[in-house]
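Here's the structure, in structure tokens; my notes come after.
Throughout, read-outs are computed from the coordinates displayed, never taken from laboratory work. A quick note: this is a predicted structure, and the numbers were derived from the prediction, not measured. Cβ placement follows ideal geometry from the backbone for every residue including glycine, while neighbour counts extend to all protein chains displayed.
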Amino acid sequence: MQVAILGASSQISKGLIKLFVKNNDNHLFLFVRDEIVFKQWIESQDPNNKNFEIHHIKDFNSNFNIDLIINCVGVGDPNKVMQMGSNILDITKIYDDIVLDYLHENPRAKYIFLSSGAVYGDIFSAPADEDSKSLINLNFDTPANFYSLAKLYAEARHRALPNLNIADVRVFNYISPSIDLNGNFFIAQAIKASIDGKIFQTNSTNINRDFVGPEDLFSLISAINNFPQLNDSFDCFSKKPIDKFKILDFLQSNFNLEFIVHNNEVSDFIKDSKENYYSVNYKAKAIGFEPEFESIENINNSILAIIDKY
């Protein structure tokens, strides 16, 4: 199978690449902005594997013979979202247009657009489900609103093209050995504190998350790819979600994390308005997806792999 990945240097892409190359029948076309840095990374993984080609992202066009296109262009780190602001609208549309042009010329190809829970907007007092509706602040008081709109607009365009094979995969919380430990996420900062032997500080508000790992995301992508014809969206989920304090207790018991919980009134530490940022929309089961791992297993597996690299 010929697979193209746009934005191949992202954390999610790296996890998928490692799994795709295990099958010698797969040939990967990897599109990135910095070819030199990315080549160094991929050769460090398996110097003997040659089932891939690296191209600059601007060189993607209809001349490539591709069966499956995965669009991972975009950012997930809150700090980067803040920096990009409204530019995320243009960036998302530019690369989505490029792939849609390819599909119009090559309708047999399948397209998976990596989205996120941001498409739902600000609804996460409860987890998303099959009846959830998007809620976006149209005053655009924060850059996150532009990010949500970019994802929502892309999905709306895809549903307007029912004759093309397009699946939008919404990844809410993702963890892998490639996680950026300097990222502005609760899980990244907690893991980094654990590995560095630092005291982790947080507020007393609990949050619930569902951490998907590379294997289950790859399984969902495979289920989509094996389905004959579809144009739909799917929420990605693990076998079981987890809350913040269970994660901290786990890190304390298994990786010697020390942590302090501050009262909300005096805390300047991580504040997250998304109390339940995950989904219980299990529609993907209808196309054969069944997650193998729980959130806590994905966290554990990632930390063990990270420690092994240190």
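What to note about this one:
- One entry in [x] 29, 23, 20; [y] 45, 32, 18; [z] 31, 23, 18 is semi-axes √(5λ) of the Cα gyration tensor in Å calculated from the shown coordinates; its label is [z].
- Extension gain from Leu19 to Phe218, taking 0.36 nm per residue of separation minus the Cα-Cα distance: 70.9 nm
- Sorted by Cβ density within 10 Å, fewest first, the residues Cys72, Cys236: Cys72, Cys236
- Distance violations [Cα-Cα > 31 Å] among Lys110/Lys246; Lys110/Lys133; Lys50/Lys244: Lys110/Lys246; Lys50/Lys244
- Among Ser115, Ser62, Ser219, sorting on how many other beta-carbon atoms sit within 10 Å of each Cβ, with the fewest leading, yields Ser62, Ser219, Ser115.
- Cut-off 12 Å between beta-carbons: net charge of the residues surrounding Ile98, Lys and Arg +1, Asp and Glu -1: -3
- Net charge of the neighbourhood of Asn298, taken over other residues with C-beta under 13 Å away and scored Lys/Arg +1, Asp/Glu -1, is -3.
- Rounded to 5, percent antiparallel among DSSP beta bridges of region 157-265: 15
- When each of Lys58/Lys309; Lys14/Lys240; Lys58/Lys274; Lys39/Lys192 is checked by Cα-Cα distance, pairs over 29 Å: Lys58/Lys309; Lys58/Lys274
- Residues in region 123-138 reached by a label modelled at Lys246 [backbone nitrogen below 20 Å; 7 Å Cα→Cβ]: 124-129
- With a simple spin-label model that places each label point 7 Å from the Cα along the Cα-to-Cβ direction, the separation between Ile199 and His56 comes to 5.0 nm.
- Shown for Asp180, Asp196: other C-beta atoms within 10 Å of each C-beta, ranked fewest to most, produce the order Asp196, Asp180.
- Gain upon complete extension [Asn263, Leu161; 0.36 nm per residue less C-alpha separation]: 31.7 nm
- Summed residue charge, Cβ within 14 Å of Asn281's Cβ, Lys/Arg positive, Asp/Glu negative: -4
- Multiplying the residue separation of Gln229 and Arg108 by 0.36 nm and subtracting their alpha-carbon distance yields 42.6 nm.
- Under the simplified labelling scheme, the Asn182-Asp90 pair shows an inter-label distance of 2.6 nm, with each label point 7 Å from Cα along Cα→Cβ.
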